Amino acid sequence: MLNKGRFMHSFRFTVVVLLITYAPLSTEAETYKPSDSRFKDVAGTNKKIMLAFTGVNDEYTEYAGSIIKEKLQGMGHEIIDPDTLEKVNKERWLKAVINDDTDTMMQIMTGFGADILIRCKLTVESHPRFTNQWESSASLTVTVIDTKTAKEVLSTSGDPLGSTGNPMPVEESALVAKQIAVKKATESVALKLGLSSDEDVYGLTTFSLKKYRTFQTGKRVKNTVFSPDSRIIAVVSESLVELMDVQSGNQVATLETPGYITALSFSKDGNLTAIGTDSSSVYVYNRKDNRLKSKYTGKGSSVTSIAISNDCSVMAAGYRDGHIELADVKHGDRIGYLEGHTKIVHSLAFSPNDKFLVSSSGDMLTKFWDVNVKRETRSFKEPLDRLFFACLSIDGSLMALNAKIIEIDLLRNRRADKRYLVIRNTSTGEEVRRFNLPKDITAIAFYPNKRYIASASEDHTIRLWDINTGAEISVLTLESSAVSLDFSSDGKFLAYAAESVVTIIKL
């Protein structure tokens, strides 16, 4: 998320640098073909890469860089933060990039054992379109260089924005319009390089639902959550979390906490498990040995949602009374207290750069918080009558709402409730899709690529929806209503809990 006050009209030159661990590279330049895997064909696997972004300002280059970084991580590359480089070499590197000093860049990269340099140039602009409307465009050019020969081996640019099929975004905020334009340009380049597949961008066309495994717990299950590596599933009952191996079906560990368990979250790297309770406490465990790492006790009511920052340093806990608390993960000390919601905090998510926190609440508000200054930056209100719970996509860019509109027919003296699953873009507040359901929703979950969403309802069904087209693509009928849903991060499994049984469906 971007800071509107600081960056709506400011432009400056910045550089974002990443170092990635990765073996021999073909140095022969190739002509782009849409069917090529491009980057994989040229680079292979398990190499070291430096990614240098030059562009208009920190926020936009950092946002584009986080998208490419995530896709490279998905290919198995280990990311090393450039801020860990010694000061002298870091300053030399930044100066070399700014001055386009290829010789110096190659010397520095060779010293760190890097095989490839990826240079990215980003430009972003916006202008008024209509009254209170802004139109924005973004251009991203990527060049891949072999550090051993200093020769360009690959080059591509994002599809130009402005055509009928690829229009420039028009939004009420210049900031939001720019962010959407940057995302579109970056995703276009990632697809051309083979960092994304057509399936990643456009999704699957159908699902075949097959029962893979069931767990009989003997206790009423409240929630099911996959670990980020998709190998473990956490099964939550009243005061116990059972960690089950998805493949073997064996229990790996159990985590017991004092009090009633009300929330659970894994860190993005999968190394931490955070458990919230009705006693306002959060217990953070190391996944490696499942020992308690830290305990945080908040103020007042039950913990209802938890999010851990991408760098695993900060934990956010949402509470039933509407406030949010920030804590240091390592020591369990409070570092922030966020007030603004008046009802239960349903869900929390950190932005990719950890600068912002997105929250949704039963007061029908979605809020954006600057984590550094502990202050709300903006919010929007949901125009519905009642919000029961909400779910955020893993990057916080989409929100799904279980909501209801209450209609009173005075002439016939009767009440008609309309139940909806609403998908909303959290950056713009724009409604992306609305699905009408005959019965109350009991659980929702986003598919990893955000094209699909699953909903469970009181009619004993689980329905899979295509967000892009609005189509219902699959229905699973159960013996009783599911109370939880979660997709594995690899997109291969869907888990649901009904009464004391957890079922894993293979997609």
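The values are calculated or read from the model by the stated rules, or taken from the named source; none is laboratory data. Since the model is a prediction, treat every value here as computed from it, not as a measurement. Reconstructed Cβ throughout: ideal geometry from the backbone, glycine too, with neighbour counts over all protein chains shown.
For segment 343-364, a residue qualifies if it is farther than 17 Å from Gly298 by Cα and assigned to a loop (DSSP other than H, G, I, E, B), and the qualifying residues are Ser351, Pro352, Asn353, Asp354, Lys355, Gly362, Asp363, Met364. When segment 136-171 is filtered for residues that are among the charged types (D, E, K, R), out of contact with any strand residue (DSSP E or B) (no Cβ under 7 Å at 6 or more places or on another chain) and under 28 Å from Thr428 (Cα atoms), only Asp159 remains.
Here the condition is being of a type outside the set (A, V, I, L, M, F, W, C), farther than 24 Å from Asp311 by Cα and surrounded by 19 or more Cβ atoms within 10 Å (Cβ to Cβ); of Glu256, Glu238, Glu242, it holds for Glu242 alone. Please work out which residue is modelled with the lowest pLDDT, limiting yourself to segment 68-117 and to residues that are of a type in the set (Val, Ile, Thr) and closer than 23 Å to Lys268 by Cβ. This residue is Thr84. Take Ile405 and decide whether it is of a type in the set (Val, Ile, Thr), farther than 26 Å from Glu171 by Cα, in a strand (DSSP E or B) and at pLDDT below 80. Here the answer is yes, as Ile405 does meet what is asked. The number of residues in segment 464-505 that are surrounded by fewer than 22 Cβ atoms within 10 Å (Cβ to Cβ), outside any strand (DSSP E or B) and of a type in the set (A, V, I, L, M, F, W, C) comes to 4. Going by what's in this entry, would Arg433 be described as at pLDDT 75 or above, crowded, with 16+ Cβ neighbours inside 10 Å and in contact with a helix residue (DSSP H, G or I) (Cβ under 9 Å, 6 or more places away or on another chain)? Answer is no for this residue. If I filter segment 168-178 for residues that are more than 23 Å from the chain's Cα centre (by Cα), modelled with pLDDT under 85 and among the charged types (D, E, K, R), do I get at least one hit? Yes, because at least one residue in segment 168-178 is more than 23 Å from the chain's Cα centre (by Cα), modelled with pLDDT under 85 and among the charged types (D, E, K, R). Consider segment 436-463 and keep the residues that are over 29 Å from Trp134 (Cα atoms) and basic (Lys, Arg). The one that is surrounded by the fewest Cβ atoms within 10 Å (Cβ to Cβ) is Lys439.
Table: residues versus (1) over 22 Å from Leu392 (Cβ atoms); (2) not basic (Lys, Arg).
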position: Val246; (1), (2): yes, yes
position: Ser265; (1), (2): no, yes
position: Ser279; (1), (2): yes, yes
position: Tyr283; (1), (2): yes, yes
position: Lys293; (1), (2): yes, no
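Residue by residue, here is whether (1) closer than 21 Å to Asp41 by Cα; (2) in a strand (DSSP E or B); (3) of a type outside the set (Val, Ile, Thr) holds:
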site	(1), (2), (3)
Thr141	yes, yes, no
Glu152	yes, yes, yes
Thr156	yes, yes, no
Gly162	no, no, yes
Pro167	no, no, yes
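Within segment 113-156, being among the small types (Gly, Ala, Ser) and buried (at least 16 other Cβ atoms within 10 Å of the Cβ) holds for Ala114, Ser126, Ser136, Ser137, Ala138, Ser139.
Taking each residue of segment 358-369 that is under 11 Å from Phe380 (Cα atoms) and looking for partners that are acidic (Asp, Glu) with beta-carbon atoms closer than 6 Å, six or more apart or interchain, yields Met364/Glu382; Lys367/Glu376. The numbered conditions (1) modelled with pLDDT of 80 or more; (2) within 25 Å of Ser227 (Cα to Cα); (3) crowded, with 20+ Cβ neighbours inside 10 Å are all true for Leu421 except (2).
Counting only strands (runs of 3 or more DSSP E) wholly contained in segment 222-280, the ones carrying 2 or more residues that are among the β-branched types (Val, Ile, Thr) occupy 223-226, 232-236, 251-256, 261-266, 272-277.
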